[in-house]
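Structure, as structure tokens:
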């Protein structure tokens, strides 16, 4: 398996060569040259496997330059009942026949991103030990990537984490999860701005190739292909749990901000998983919904990005969307480069009325949006009707998913985080605090360690240099 860039400017590389990086040298995103194809016989073999076995079967197809014994060992260390509170790792919760929630949020930081990030920590440490090198991870978070990355990388040999977050835009719980960490290899930077400002800084630093090489800059955002490949696994696991035979189709409802989670579902579908629909749910920041409704992809600036009660989706530039457009164009890198030159210059592109727009329906996407009143109503309804409490992002997914539900097609809604991370909305919906897992009782009162900066990539680079030279 070799990897190329969505913009065509990178010679094919093995998985280990792209693992530690973020953007390709030409500013594009790395993609496998082809997707592994799984026919009926292969799917039948995968059905009934444990999460660990399934993860190996999927990931070994993407990371075929890592010795099988080493990959199995990393997977076994990552996906344990101790870390994820269940032997199943991602258990399926059935609300009623044909309606399910895939529980993805029982990892160390109570968010779905732990599924990929815990593996990424072990993959990074493994690769760095092989090369006897260090890595400075630069990331951006709207709320869940940051804690997941920091908890996965804390104490890892040869790794420092520099995490950017929008000042005052995350929930108090999410902020405390990150800022209360005192590990010397973790650095939190609160940026005066919105998530997209943070993401733009990560891209700007990653595009400074000389700086990136000199200071060994890597990324854990979902622009890192290893994140996407690890998330593909739970689509297979959820499908097998919700069906009895591989003749059945299912639909997945996916809360979506940066297009990483649903991109993994897109890849699973391309590999042959019988997915009828990928139901993309946004909040009031509806950039992705607008595209799938109209064909126009129009990223917004900071002034147009709305602060919402599902803050992890307060994103107006979806980095991973470029991967889907690459597939939509038939992997035409020149076309993708042309489209993203417009995006990178602050413009939009519109595919309506073009042959590409006619092809979108072939990929199974439908979409919709949620808003504050709807998510509060859904949280209350799901609690009252099924005795299950969901967080605001999962509520967006349920609201949109139920709107696109089809008779006879199981609907699986992907859980985003545990409700405790968004107490204010939960109190509004049901009148009291959600339950807190053990160990999180006084999280917000712990001492916090972070710095505040303007949205300035040069200032962030200077901060990285200072901390690297001081250690």
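The values are calculated or read from the model by the stated rules, or taken from the named source; none is laboratory data. Because the structure is a prediction, the values reported are computed rather than measured. Note: ideal-geometry Cβ built from the backbone for every residue, glycine included; neighbour counts use all protein chains shown.
Hey, can you tell me all the residues within segment 435-452 that are modelled with pLDDT of 95 or more and assigned to a loop (DSSP other than H, G, I, E, B)?
The answer is 446, 447, 448, 449, 450.
Out of segment 332-363, which residues are farther than 24 Å from residue 316 by Cβ, in contact (Cβ under 8 Å) with a residue 24 or more places away in the chain and surrounded by 15 or more Cβ atoms within 10 Å (Cβ to Cβ)?
333
Which members of segment 74-89 meet the condition of being in contact with a helix residue (DSSP H, G or I) (Cβ under 8 Å, 6 or more places away or on another chain) and within 16 Å of residue 110 (Cβ to Cβ)? Give the derivation first.
So the first thing to find is which residues in segment 74-89 are in contact with a helix residue (DSSP H, G or I) (Cβ under 8 Å, 6 or more places away or on another chain), and the list is 74-79, 83-84, 87-89.
If the condition is that a residue be in contact with a helix residue (DSSP H, G or I) (Cβ under 8 Å, 6 or more places away or on another chain) and within 16 Å of residue 110 (Cβ to Cβ), then 83, 84, 89 are the ones that fit.
Across segment 363-383, what is the total count of residues that are assigned to a helix (DSSP H, G or I) and in contact with a strand residue (DSSP E or B) (Cβ under 9 Å, 6 or more places away or on another chain)?
The number of residues fulfilling the criteria is 2.
Take the residues of segment 315-330 that are part of a loop (DSSP other than H, G, I, E, B) and in contact (Cβ under 8 Å) with a residue 12 or more places away in the chain: which is farthest from residue 219 (Cα to Cα)? Step through it out loud before you land on a result.
Our first condition is that a residue be part of a loop (DSSP other than H, G, I, E, B); within segment 315-330, this holds for 315-320, 329-330.
Next, from what is left, pick out any that are in contact (Cβ under 8 Å) with a residue 12 or more places away in the chain: 315-320, 329.
Working: 315: 18, 316: 20, 317: 17, 318: 16, 319: 13, 320: 14, 329: 27 Å.
Among residues in segment 315-330 that are part of a loop (DSSP other than H, G, I, E, B) and in contact (Cβ under 8 Å) with a residue 12 or more places away in the chain, the one farthest from residue 219 (Cα to Cα) is 329.
Could you grab me the full set of residues in segment 378-398 that are surrounded by fewer than 24 Cβ atoms within 10 Å (Cβ to Cβ), in contact with a helix residue (DSSP H, G or I) (Cβ under 8 Å, 6 or more places away or on another chain) and touching a residue at least 60 places away in the same chain (Cβ under 8 Å)? If you could, list the steps in order and put the result at the bottom.
Of segment 378-398, the ones surrounded by fewer than 24 Cβ atoms within 10 Å (Cβ to Cβ) are 378, 380-389.
Of the ones still in play, those that are also in contact with a helix residue (DSSP H, G or I) (Cβ under 8 Å, 6 or more places away or on another chain) are 378, 380, 382-383, 388-389.
Once the filter is applied, which keeps residues that are surrounded by fewer than 24 Cβ atoms within 10 Å (Cβ to Cβ), in contact with a helix residue (DSSP H, G or I) (Cβ under 8 Å, 6 or more places away or on another chain) and touching a residue at least 60 places away in the same chain (Cβ under 8 Å), segment 378-398 yields 382, 388.
Kindly evaluate residue 408 against the criterion of being buried (at least 16 other Cβ atoms within 10 Å of the Cβ), in contact (Cβ under 8 Å) with a residue 60 or more places away in the chain and not in a helix (DSSP H, G or I). Working first, answer last.
Values: buried (at least 16 other Cβ atoms within 10 Å of the Cβ): no; in contact (Cβ under 8 Å) with a residue 60 or more places away in the chain: yes; not in a helix (DSSP H, G or I): yes.
Considered against the rule, which asks whether it is buried (at least 16 other Cβ atoms within 10 Å of the Cβ), in contact (Cβ under 8 Å) with a residue 60 or more places away in the chain and not in a helix (DSSP H, G or I), residue 408 comes out as no.
So residue 134 clears everything in (1) over 30 Å from residue 173 (Cβ atoms); (2) modelled with pLDDT of 95 or more; (3) touching a helix residue (DSSP H, G or I) at 6+ places or on another chain (Cβ under 8 Å) except one condition, right? Which one?
(2)
Which condition number does residue 38 fail, the rest of (1) on the phi < 0 side of the Ramachandran plot; (2) loosely packed, with under 15 Cβ neighbours inside 10 Å; (3) touching a helix residue (DSSP H, G or I) at 6+ places or on another chain (Cβ under 9 Å); (4) assigned to a loop (DSSP other than H, G, I, E, B) being met?
Unmet condition: (2).
What number of residues within segment 309-321 are more than 17 Å from residue 197 (Cα to Cα) and more than 14 Å from the chain's Cα centre (by Cα)? It would help to see each step written out before you state the result.
From segment 309-321, those more than 17 Å from residue 197 (Cα to Cα) are 309-310, 321; that's our starting set.
After this cut, where a residue has to be more than 14 Å from the chain's Cα centre (by Cα) as well, the list is 309-310.
Here the count works out to 2.
With the requirement that a residue be more than 22 Å from the chain's Cα centre (by Cα) and either more than 18 Å from residue 243 (Cβ to Cβ) or surrounded by 18 or more Cβ atoms within 10 Å (Cβ to Cβ) (or both), what does segment 82-112 give you?
Of all residues in segment 82-112, those more than 22 Å from the chain's Cα centre (by Cα) come to 82, 87, 94-99.
Within segment 82-112, 82, 87, 99 qualify.
Check residue 221 against each of (1) in contact with a strand residue (DSSP E or B) (Cβ under 7 Å, 6 or more places away or on another chain); (2) surrounded by fewer than 21 Cβ atoms within 10 Å (Cβ to Cβ); (3) part of a loop (DSSP other than H, G, I, E, B) and name the one condition it does not meet.
The single condition residue 221 does not satisfy is (2).
Residue 116 is checked against (1) out of contact with any helix residue (DSSP H, G or I) (no Cβ under 7 Å at 6 or more places or on another chain); (2) closer than 24 Å to residue 13 by Cα; (3) buried (at least 24 other Cβ atoms within 10 Å of the Cβ) and fails just one. What number does that condition carry?
The one condition residue 116 does not meet is (1).
Of the conditions (1) at pLDDT 95 or above; (2) within 26 Å of the chain's Cα centre (by Cα); (3) part of a helix (DSSP H, G or I), residue 429 clears all except one; give me its number.
Unmet for residue 429, out of (1) at pLDDT 95 or above; (2) within 26 Å of the chain's Cα centre (by Cα); (3) part of a helix (DSSP H, G or I): (2).
For segment 184-192, check the following and say yes or no: at least one residue is over 25 Å from residue 424 (Cα atoms), out of contact with any strand residue (DSSP E or B) (no Cβ under 6 Å at 6 or more places or on another chain) and either at pLDDT 95 or above or part of a strand (DSSP E or B) (or both).
Restricting attention to segment 184-192, the residues satisfying the condition of being over 25 Å from residue 424 (Cα atoms) are 184-187.
Going one step further and asking which of them are out of contact with any strand residue (DSSP E or B) (no Cβ under 6 Å at 6 or more places or on another chain), we end up with 184.
Within this subset, residues satisfying the condition of being either at pLDDT 95 or above or part of a strand (DSSP E or B) (or both) are 184.
Within segment 184-192, one or more residues are over 25 Å from residue 424 (Cα atoms), out of contact with any strand residue (DSSP E or B) (no Cβ under 6 Å at 6 or more places or on another chain) and either at pLDDT 95 or above or part of a strand (DSSP E or B) (or both).
Yes or no: segment 231-239 includes at least one residue that is farther than 19 Å from residue 148 by Cβ, in a loop (DSSP other than H, G, I, E, B) and modelled with pLDDT of 95 or more.
no
From the list 101, 115, pick out the single residue that is in contact (Cβ under 8 Å) with a residue 60 or more places away in the chain and within 30 Å of residue 191 (Cβ to Cβ). It would help to see each step written out before you state the result.
Numbers: 101 fails: within 30 Å of residue 191 (Cβ to Cβ).
Just a single option satisfies the conditions, and that option is 115.
Do the conditions hold for residue 22, that is, is it part of a loop (DSSP other than H, G, I, E, B), within 29 Å of residue 333 (Cβ to Cβ) and touching a helix residue (DSSP H, G or I) at 6+ places or on another chain (Cβ under 8 Å)?
Details: part of a loop (DSSP other than H, G, I, E, B): yes; within 29 Å of residue 333 (Cβ to Cβ): yes; touching a helix residue (DSSP H, G or I) at 6+ places or on another chain (Cβ under 8 Å): yes.
In short, yes.
What are the pairs, 6+ residues apart or on separate chains, where a residue within segment 13-36 that is under 21 Å from residue 68 (Cβ atoms) has its Cβ under 8 Å from a residue that is modelled with pLDDT under 90 and assigned to a loop (DSSP other than H, G, I, E, B)?
none
Would you point out which residue out of 303, 312 is closer than 24 Å to residue 412 by Cβ, out of contact with any strand residue (DSSP E or B) (no Cβ under 7 Å at 6 or more places or on another chain), assigned to a helix (DSSP H, G or I) and at pLDDT below 95? Steps first, answer last, please.
Values: 303 fails: closer than 24 Å to residue 412 by Cβ.
Selected residue: 312, the only one of 303, 312 that is closer than 24 Å to residue 412 by Cβ, out of contact with any strand residue (DSSP E or B) (no Cβ under 7 Å at 6 or more places or on another chain), assigned to a helix (DSSP H, G or I) and at pLDDT below 95.
Only one of 360, 390 is in a loop (DSSP other than H, G, I, E, B), within 25 Å of the chain's Cα centre (by Cα) and at pLDDT 95 or above. Can you tell me which? Talk me through it step by step, then tell me what you get.
Working: 360 fails: in a loop (DSSP other than H, G, I, E, B).
After ruling out the rest, the residue left standing is 390.
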